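Here is the structure we will look at.
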Amino acid sequence: MLRKTLAGAVMLFVYTAVFWLAGCASMAGPREVEIPLARLQEALARKFPISQRYLGLVDIAATNPRVQVQVESNRLVATVDAAITPVFKPRQLSGSFTISGIPAIDAQRHMVVLHEPRTEKLTLDGVDPLLTSQLAKVSDLLAQRLLSDVALHTFDPAQFRHAGVQYYPTRIRATPQGLVVTFEPVK
């Protein structure tokens, strides 16, 4: 009789624990992971310096990226020092260009990457605006090459699991301090 009572109590405890844990999992709310601007700066800086020839016409050297966020457009922006040397004109042109991309989550690789990179602004010291606008098209190619799917942050796989609950990243937003990724429990 004691054995049956003890077995019943153990089963009651197991069922209670299972339902309690299931209830906790369903009550688990979203959580946020912050990625500071300094970490984003470090990740992008590892890609530089870059030196490339484009279309066989222009040599571009890019150095010293400076990362910012555009909170209102949810874009990550980098201003980069540039030295451009057209093959047809061996004089080096110096200046900077500003490129941006939309932070996105690559859940398969557990990374934050940039999508839709584009050139925001190209400034060359002492250069005719017509030539600058032509070179801006080349800088769009550079923006694509530099930023497309660049890993800005890699999550620890443990960040996809918390208190026994599996989480999935659902949203990413820019803040003045960096990026915030929202994780929601998998249902």
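Taken together, the values in this text are just the output of simple stated rules run on the coordinates, not laboratory data. A quick note: this is a predicted structure, and the numbers were derived from the prediction, not measured. Glycine gets a Cβ as well: all are built from the backbone with ideal geometry, and neighbour counts include every protein chain shown.
Per-structure values
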{"read-out": "Expected 222 nm ellipticity per residue - DSSP helices of 4 or more, -39500 (n - 2.57), all of the chain, to 500", "value": "-10000 deg cm²/dmol"}
{"read-out": "Per-selection metrics, the chain (Cα): Rg and Dmax in Å", "value": "25.1, 99"}
{"read-out": "Dipole-positive endmost among 94, 135, 166 within the chain (Cβ charges, Cα centre)", "value": "166"}
{"read-out": "Folded to 0 to 90 degrees: helix 129-147 orientation relative to the chain principal axis, Cα", "value": "30 degrees"}
{"read-out": "Cβ-placed point charges (K, R +1; D, E -1), dipole of segment 34-154 about Cα centre in debye, nearest 20", "value": "280 debye"}
{"read-out": "Among 73, 56, 155 - extreme Cα towards positive end, dipole of the chain, charges at beta-carbon", "value": "155"}
{"read-out": "Protection proxy ranking of 137-147, 120-130 - average other beta-carbon atoms within 10 Å, highest first", "value": "137-147, 120-130"}
{"read-out": "Whole-angstrom gap from segment 114-187 to segment 32-54, using each part's C-alpha centre", "value": "9 Å"}
{"read-out": "Loop-located trypsin sites (Lys or Arg not before Pro) in segment 48-98, at most 10 other Cβ atoms within 10 Å (DSSP)", "value": "91"}
{"read-out": "0 to 90° range, to nearest 10: angle between helix 2-27 axis and the chain longest Cα axis", "value": "30 degrees"}
